[in-house]
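Below is one structure, written out as structure tokens, with a few remarks after it.
The values are calculated or read from the model by the stated rules, or taken from the named source; none is laboratory data. As the structure is a prediction and not an experimental result, all values here were calculated from the model. Neighbour counts are summed over all protein chains in view; Cβ atoms, including those assigned to glycine, are modelled from backbone coordinates with ideal geometry. Surface areas here come from the heavy atoms of the whole protein model, side chains and all, with no ligands, DNA or RNA. Shrake-Rupley method; radii C 1.70, N 1.55, O 1.52, S 1.80 Å.
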Amino acid sequence: MYPEVRVYADPFEGLTVQLTELRGLIKIVPPLIDADRERRWTEIGERPSDGEDGEVIEVYGAEAGSEEGWGFADFGRTIRVAAVVFAWAVFQDYLARELKKRYLSYDLSEAPALAVLVKDDVRNWDRRFDQIKKRYRDFGGVALDKLPSWDHILHAQELRNALVHNQGQYTRKYLETKLAYRPTKDDLHGFTPPGTDAGLIDHEVIPLSLTLADAVITQLLAAATEVREAIDRT
């Protein structure tokens with residue numbers, strides 16, 4: 001499954017639509033889930049009891065079932081994780097589509113060997129962000145790492161990597177980004193945060209609040225805007 005950037009004639013329009021909808025998703029859906037849980041809890045508590053039904057919490061958990069974590073699964077975080085991961089996929093796909101559209105729109109039917117090389121290089125862009133960065137410099141003279149948004153891009157990338165590959169726990173690369181979010185006492189349920197970053201790696205989950213997730217998505221949209229403006233200036 002690919003981001004829907006590819007179905008838009010203008011990749012930037014596709015990016016804008018999808019990132020905007022992701023921002024709506026993380027704001028709208030978790031409160032709806034919480035409201036439904038509250039409704040279920042209230043309804044169970046108001047049922048006539050014959051004295052054998054058990055405590056409200058037992059009935060609530062049984063009716064919710066394992067798919068809902070017995071009524072207490074942190075679906076809000078699950079939705080935020082999915083939104084950040086998908087936002088990065090959309091952003092990377094946007095960069096790849098824009099790069100191809102601006103600099104590789106050539107008819108290579110009479111140069112099949114070159115066409116194969118171009119196809120193989122473009123295929124790598126789906127997996128390797130570093131290759132995209134290199135090609136922006138090579139083809140368009142656009143240095144992504146010189147853009148004002150570069151720190152935001154790196155933060156989003158390493159946050160995504162930690163969420164996908166490290167079960168959402170801190171990684172060394174994430175903590176090396178300038179914008180890495182470091183936990184507070186509240187994030188760690190009242191415990192004092194470890195004295196060094198090393199204590200967080202592979203040990204503590206990155207707190208992914210609504211504020212942080214929304215900021216990451218918003219910053220990716222701003223970064224994409226800067227990329228397009230940089231291309232237009234070349």
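Scanning segment 21-37 for residues that are in contact (Cβ under 8 Å) with a residue 40 or more places away in the chain and within 19 Å of Ala215 (Cβ to Cβ) turns up Leu22, Arg23, Leu25, Ile26, Lys27, Val29, Pro30.
Here Ser66 clears all of (1) hydroxyl-bearing (Ser, Thr, Tyr); (2) under 21 Å from the mean Cα position of the chain (by Cα); (3) farther than 17 Å from Ala156 by Cα except the condition numbered (2).
Every listed requirement among (1) touching a Phe, Trp or Tyr at 6+ places or on another chain (Cβ under 8 Å); (2) modelled with pLDDT under 95; (3) open to solvent by less than 50 Å² (accessible area, probe 1.4 Å); (4) of a type outside the set (Asp, Glu) is met by Gly199 save one, (1).
Can you spot a residue in segment 176-191 that is open to solvent by 30 Å² or more (accessible area, probe 1.4 Å) and farther than 26 Å from Ala82 by Cα? Within segment 176-191, one or more residues are open to solvent by 30 Å² or more (accessible area, probe 1.4 Å) and farther than 26 Å from Ala82 by Cα.
Okay, residues lined up against (1) open to solvent by 10 Å² or more (accessible area, probe 1.4 Å); (2) in a helix (DSSP H, G or I); (3) closer than 15 Å to Arg80 by Cα:
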{"site": "Lys134", "(1), (2), (3)": "yes, yes, no"}
{"site": "Arg137", "(1), (2), (3)": "yes, yes, no"}
{"site": "Val142", "(1), (2), (3)": "no, no, no"}
{"site": "Asp145", "(1), (2), (3)": "yes, yes, no"}
{"site": "Asp151", "(1), (2), (3)": "yes, yes, no"}
{"site": "Leu154", "(1), (2), (3)": "yes, yes, no"}
{"site": "Glu158", "(1), (2), (3)": "yes, yes, no"}
{"site": "Ala162", "(1), (2), (3)": "no, yes, yes"}
{"site": "Gln167", "(1), (2), (3)": "yes, no, yes"}
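Screening Asp36, Asp93 for residues that are surrounded by 17 or more Cβ atoms within 10 Å (Cβ to Cβ) and of a type in the set (Asp, Glu) leaves exactly one candidate, Asp93.
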